[in-house]
Amino acid sequence: MRTAPTILHLDMDAFYASVEQASKPSLRGKAVIVGGLGPRGVVATASYEARVFGVHSAMPMAQARRLAPNAAYLVPRFQLYRAVSEQVMELLRALSPLVEPLSLDEAFVDLEAGGAAWDEASARLVGSALRADIRRVTGLTGSVGLAASKMLAKIASEQAKPDGLVVIEPGSERALLEPMPVRTLPGVGPATGDHLRRAGITTVGEIAEAGEDEVVRLLGKAHGQALYAMALARDERAVVAERETKSVSVEDTYDVDIHDRVRVGLEVQRLAERCVRRLRAAGLSGRTIVLKVRRYDFSTLTRSETLRGPTDDAVVVREAAARLLEGVDTTGGVRLLGVGVSGLADYTQEDLFAQAVEGESEERVGVEDGEPEGERVRQEGEGGERRWVPGADVRHAEYGYGWVQGSGVGRVTVRFETPGSLPGRVRTFRIGDPELVGVEPLPLVPGVVPGAVR
Ligand SMILES: [Mg+2]
């Protein structure tokens, strides 16, 4: 392990909610909750003002509404989040060739590999300058953790939140970890956490005390050894650039086009299982499930869905692939099908069963930890109804730019304000008013156009 805190972990603060507050001046300083608003929706991100009421990401939306009835409830605008994320990642890539994004709003950076820092003082300077740059370019705050390993850099950024910077000095790691709950360690999901608790182990220090043999006996060899090492603050995992682009996939070309929808579904299930076997054989797990469909006319579609954490569970991959297939028109026939998993990791971060349940209830809206499934949401927008969901961008011929505050019984309420304006006024229109149209999001910082930062 290195001896200087030159691994940086950046985590944007309450990312989706902060983007919404930056976009919508009337929501600054207010409780804002972004997520799926349907009956089975979950919270993707809650602003810090909403967290005071006990609302947090991955919580069922119905529960959030009971806890914070007066909060603003908004549907995610992934297109904008992606554009802002790209601005942030661009700043990180200027520091080092080794940038490992974990989600839209989170990444590791190896500062030493980029020559940007070599000791604590230089790392601190880079971290502070980065936070200032992020604020200048996006108008948002991000928290920075610096340490000698990925695990500790992530713990540091968590401690730095919101809007801070924390350095964990090499040598102090074990003392810091000791009192922390076992769930702090990567690879400890709810199931592993329960398992350890039943054995009387609740803190990281207790894992270290139990000894490697005992932890291996409880959790199996691979998981147990990895966890024991982490508990001793031994984490040699390298920052790996562009990991998201690597994938494990399988595909089949059919001699005769498949027309039967049921058969297409069965083939996809079979491919998902084969893909998982290959994934497991390589000792990997992945977060993004990809479905590929080549149709009779050789048009090829890919659809993807990203989970909260990596999985190597056949049930989870099969279900995701089946959901993706639902959105694909296969009339006319299919000549090739493929299933892949990307966003690969060396270990499985989340409890698999919990993930399967979450996957069902998330209404295809990802939570902040995972790259959400924007494609599908955008497609719905083409139908027109998306224009009137809470939070959506609109423009009125007379009143200008605004966003949908709510709609129902043939009416839509719009607040007219923009990122650079004062809090705006609310007006109500009938749905179908030809003067009111859906538009693309405006940039958060006037003059800085997302996607054109280079
Ligand atoms: Mg974050």
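Contact map, segment 100-129: residues that are touching a residue at least 40 places away in the same chain (Cβ under 8 Å) and of a type in the set (Asp, Glu) paired with residues that are part of a strand (DSSP E or B) and away from the ligand (no atom under 16 Å from the Cβ), Cβ distance under 7 Å, separation 6+ or inter-chain. Pairs shown: ASP110/ILE7; GLU120/VAL167.
Of the residues making up segment 270-291, none is modelled with pLDDT of 90 or more and loosely packed, with under 14 Cβ neighbours inside 10 Å. Looking at ARG82, ARG136, ARG124, which is the one that is more than 26 Å from VAL52 (Cα to Cα), of a type in the set (Lys, Arg) and either within 15 Å of the ligand (Cβ to nearest atom) or within 17 Å of the chain's Cα centre (by Cα) (or both)? Matching residue, one of ARG82, ARG136, ARG124: ARG82. Looking at (1) closer than 30 Å to ALA4 by Cα; (2) of a type in the set (Gly, Ala, Ser); (3) within 16 Å of the ligand (Cβ to nearest atom), find the lone condition where SER96 falls short. Unmet for SER96, out of (1) closer than 30 Å to ALA4 by Cα; (2) of a type in the set (Gly, Ala, Ser); (3) within 16 Å of the ligand (Cβ to nearest atom): (3).
Out of segment 4-36, which residues are away from the ligand (no atom under 16 Å from the Cβ), within 18 Å of SER407 (Cβ to Cβ) and touching a Gly at 6+ places or on another chain (Cβ under 9 Å)? Before you say what the answer is, go through the steps one by one.
Just the residues of segment 4-36 that are away from the ligand (no atom under 16 Å from the Cβ), to begin with: 4-7, 23-31, 36.
Retained after the next criterion (residues that are within 18 Å of SER407 (Cβ to Cβ)): 24, 26-27, 36.
If the condition is that a residue be away from the ligand (no atom under 16 Å from the Cβ), within 18 Å of SER407 (Cβ to Cβ) and touching a Gly at 6+ places or on another chain (Cβ under 9 Å), then LYS24, SER26 are the ones that fit.
Could you please let me know if GLY114 is within 15 Å of the ligand (Cβ to nearest atom) and more than 20 Å from the chain's Cα centre (by Cα)? In short, no. Are any of the residues in segment 246-263 assigned to a helix (DSSP H, G or I) and under 31 Å from the mean Cα position of the chain (by Cα)? No, every residue in segment 246-263 fails to be assigned to a helix (DSSP H, G or I) and under 31 Å from the mean Cα position of the chain (by Cα).
When the test is whether a residue is more than 16 Å from the ligand (Cβ to nearest atom) and either among the basic types (Lys, Arg) or out of contact with any Leu (no Cβ under 7 Å at 6 or more places or on another chain) (or both), LEU177 passes it.
Being of a type in the set (A, V, I, L, M) and in contact with a Ser or Thr (Cβ under 9 Å, 6 or more places away or on another chain) is the filter; apply it to segment 308-340 and report the residue that is surrounded by the fewest Cβ atoms within 10 Å (Cβ to Cβ).
The first filter runs over segment 308-340 and keeps only residues of a type in the set (A, V, I, L, M), leaving 314-317, 320-322, 324-325, 328, 334, 336-337, 339.
Imposing the further condition that a residue be in contact with a Ser or Thr (Cβ under 9 Å, 6 or more places away or on another chain) reduces the set to 317, 320, 324, 336-337, 339.
Details: VAL317: 25, ALA320: 27, LEU324: 25, LEU336: 16, LEU337: 24, VAL339: 29.
Step by step, filter segment 308-340, then rank; the result is LEU336.
Every condition in (1) surrounded by fewer than 21 Cβ atoms within 10 Å (Cβ to Cβ); (2) in contact with a strand residue (DSSP E or B) (Cβ under 6 Å, 6 or more places away or on another chain); (3) at pLDDT below 85; (4) not in a helix (DSSP H, G or I) is met by PHE298 except one, and the failing one is (2). The set of residues from segment 427-446 being out of contact with any strand residue (DSSP E or B) (no Cβ under 9 Å at 6 or more places or on another chain) and either closer than 26 Å to SER18 by Cα or assigned to a strand (DSSP E or B) (or both) comprises PRO443, LEU444, VAL445, PRO446. When the criteria are applied in full, GLU20 meets the requirement of being within 19 Å of ASP393 (Cβ to Cβ), crowded, with 20+ Cβ neighbours inside 10 Å and modelled with pLDDT of 95 or more. The set of residues from segment 242-257 being aliphatic (A, V, I, L, M) and either more than 22 Å from SER304 (Cα to Cα) or surrounded by fewer than 19 Cβ atoms within 10 Å (Cβ to Cβ) (or both) comprises just one member, VAL256.
Of all residues in segment 137-170, those satisfying the criterion of being touching a Leu at 6+ places or on another chain (Cβ under 6 Å) and assigned to a loop (DSSP other than H, G, I, E, B) are GLY139, ILE168. Just so you know, in segment 39-59 the residues that are over 17 Å from the mean Cα position of the chain (by Cα) and not in a helix (DSSP H, G or I) include one that is farthest from the ligand (Cβ to nearest atom), and it is PRO39.
The values are calculated or read from the model by the stated rules, or taken from the named source; none is laboratory data. It should be emphasised that the depicted structure is a prediction, and the values quoted were computed from it without experimental measurement. Positions of Cβ are backbone-derived with ideal geometry, glycine not excepted, and every protein chain shown enters the neighbour counts.
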